[in-house]
Amino acid sequence: MKQKIQLLFIFSFFLIGCEKVFMPETKSDNISVFEEVYEVAKANYVFFEYKQINWDSIYLEFQPEITNDMSEEDFFIVLSAFVNKLEDTHTRIIWNNKSIGYDFTNNANANFDKELLFEKYLKDDYLTAGVVLYKKLNDVGYVYIPNFWYGNEHEKFNDILNYFRDTKGIIVDIRDNGGGHNMSGMEIARHFVTKKTLVAKWYYKTGTSYNSFSEKYESYIEPSNETIYTNNVMLLVNREVYSAANDFTNTMNQIPSVTLIGDTTGGGGGIPRMYILQNGWKINISDTYSTDPFDFNVEHGIAPDIFIEMDTLNTEVDEIIERAIQELNK
């Protein structure tokens, strides 16, 4: 593998150094870039068959809208709309650090009120470990993980679980967690397993045809070398749970002591790769996808074990937290 990487690097360096000799002059006009986006997506996007998307038909639909005299902003808007037909927030056009992503929530009920969480439950005596907030709600532990952006959310989890060692169970709240680094969630999950556990299968695109994929790569977690928490865990989820948080949900869903409560997650089971377009713009494209151990594709989200919608007119309690407490007290 190391030798392969070195050869690829040498080959890439050779191409860059000799591009004036071997590389044809590229065009960066709007029509050429539109064609490039079409071809790059066609060759690399992983969900065409799964989502039953006819990319050629979408191309023909948008082709008449693209002209070379469009302004950059107008072209960006139309090109983003073209790419958003893939229904994938991971896949998007980036221009001047701006992007217009696909709305994966489908206008679902929020099922989370952060202000209510602080006023009713966390109040002013909660503890912190980086972005992670935690507190004892009587004899139940509560942990709020707003995101996995920093990749270090797991580092203090051993201390958190030691603090909760005498609790009946734990609530792990990841509602509105839009993702970040997968590894942090995997490390957290290791504190809840007692044996090596298969949690996911991964596939990546290997060719230009729609169904050209690698063999499966199985992903396992093993018990942490530190604290293992064996009491019941309630994982709170909603439609805003996406990407690495969706992967964390899938991982936790393979652990017998964990129950999912709330709404179906937002999905985002692909891993995007960035490509630089002829005009200097960028496009992220999901070229890798994952399933659970039973081959369920998690791109469109993971359903909870207990489905609950919060009453938007009730500002006194969080019904999802209350149900989690009720389950742990059974």
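Note on the chain: helix-only mean residue ellipticity at 222 nm, from DSSP H runs of 4+ residues weighted -39500 (n - 2.57) and normalised by residue number, equals -8500 deg cm²/dmol. Pairs of Cα atoms nearer than 8 Å and 6+ residues apart set the relative contact order; for the chain it is 19 percent.
Label separation (Tyr50 vs Asp29): 3.8 nm, computed from points 7 Å beyond Cα along the C-beta direction. Charged neighbours of Ser209, selected by a Cβ distance under 15 Å, balance to -2 (K, R count +1; D, E count -1). Here the simple spin-label model places points 7 Å from the Cα toward Cβ, and for Thr312 and Asp124 these points are separated by 3.2 nm. Restricting the calculation to alpha carbons of the chain gives Rg and Dmax of 22.7, 73 angstrom. The listed peptides 166-172, 302-308, 185-191, ordered by packing as a protection proxy, come out as 185-191, 166-172, 302-308 (highest mean of other Cβ atoms within 10 Å first). Label reach from Asp159 (point 7 Å along Cα→C-beta): in the range 95-133, amide nitrogens under 13 Å belong to 127-133. Ordering Leu60, Leu116 by the number of other Cβ atoms within 10 Å of each residue's own Cβ, fewest first, gives Leu60, Leu116. By the count of neighbouring beta-carbon atoms within 10 Å, fewest first, Ser219, Ser212 end up ordered Ser212, Ser219. If you take the charge dipole of the chain about its Cα centre, with +1 on Lys and Arg Cβ and -1 on Asp and Glu Cβ, which of Gly207, Thr194, Ile261 is farthest toward its positive end? Of the candidates, Thr194 comes out farthest on the positive side.
Every read-out reported here was derived from the displayed coordinates using simple, explicitly stated rules and does not represent laboratory data. Note that this is a predicted model, so its numbers are computed, not measured. All Cβ positions, glycine included, derive from the backbone under ideal geometry; neighbour counts span all protein chains shown.
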